[in-house]
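Every read-out reported here was derived from the displayed coordinates using simple, explicitly stated rules and does not represent laboratory data. The structure displayed is predicted, hence computed values, not measured ones. Neighbour counts run over all protein chains shown; Cβ positions are idealised from the backbone, glycine included.
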Amino acid sequence: SEASDVDGGSGSRLALSLDWDRSILNAVPERMSEQKIVSSYSDGSISIHSFNSSLETPSLAEKERWDAHTLFGCPSEVWTCSFAASSSTGSSPASSDGSNLVLSGGDDCTLKLWDVRSLPSPVAKVGSSEFEAGVTAVSYHPKLENLFAVGSYDEVIRLYDMRMLGGEPLCRVNVGGGVWRIRWHPTKNGRMLVGAMHGGCRIVNFKALMNLRVDITGFDTDRDSLSAEIESEFTDHNSMAYGADWLVRDGGSPEYAASCSFYDRRVCMWMSTATNLNTIK
């Protein structure tokens, strides 16, 4: 195992989120040994680490760090971060190397897009005119390039097109709880699992995305045709649901989800119809 001392030993900043560069999954073999991790922190900063597994002793080293979010002149928690690249194409709308682009969301009610080659200013940002509370979750679509989802304490999930980040979201859906986790389905493009804190968990369907094919020219659909429906809810947690992820077997059936809650230290596994199968405390 390898560790990186991200706070200089002071213990003054907490790591709040991280994301692996998924474009590596479609990279040439010589690039596979060196991977990137983006992470965000309670002191308002973001870091990019390089992990090299080709050495006799694998190494983890910080390559970039910058101040990303502030609130009333003070550092703001950066609740979420993500590379803007899918595993299908390994590219982004602005670069042939999507690992140069990073999305972040903070307690300052702001979503920001960064290009690590032009720091410290963001390429684009969406602020409090859109978000009514802190931005808590960002999830880039694993297959459909240019498309990503954003969640907030304001209980709304928004879909954005990277090519139109300065405009209106493609879609908004209220899930009935602060959004802490967003997980796109690994094989069904328009299906999403949400950890909605005090609201429990939700499965959301975006029907217009279901039959779209992987295409390096990018996601391109009529805004008016993109709507969402909440297919099912899971509310058996006795506390706020923070974590959620898909458990999909080969062949796709049966389909399960797993979720966890905070204060009651509870993990649940359930079917996508929201029928509770097993509970582990």
Next item on the list: Please list, or write none, the lysines whose alpha carbon is within less than 18 Å of the alpha carbon of Lys36, excluding same-chain residues fewer than 8 places away.
Entry: Lys63
Check: What are the lysines whose alpha-carbon lies under 21 Å from the alpha-carbon of Lys125, with same-chain residues fewer than 8 places away excluded?
Finding: Lys112
Next item on the list: List the residues whose amide H sits under 5 Å from the amide H of Asp161, counting only those 5 or more places along or on another chain, with H placed 1.01 Å from N in the peptide plane.
Entry: Leu170
Check: When ranked by the protection proxy of mean other Cβ atoms within 10 Å per residue, highest first, what sequence do the peptides 186-194, 65-73 form?
Finding: 186-194, 65-73
Check: Which of the lysines could be linked to Lys188 by a straight reach, that is with a Cα gap under 17 Å, when you skip same-chain ones fewer than 8 residues away?
Finding: Lys143, Lys207
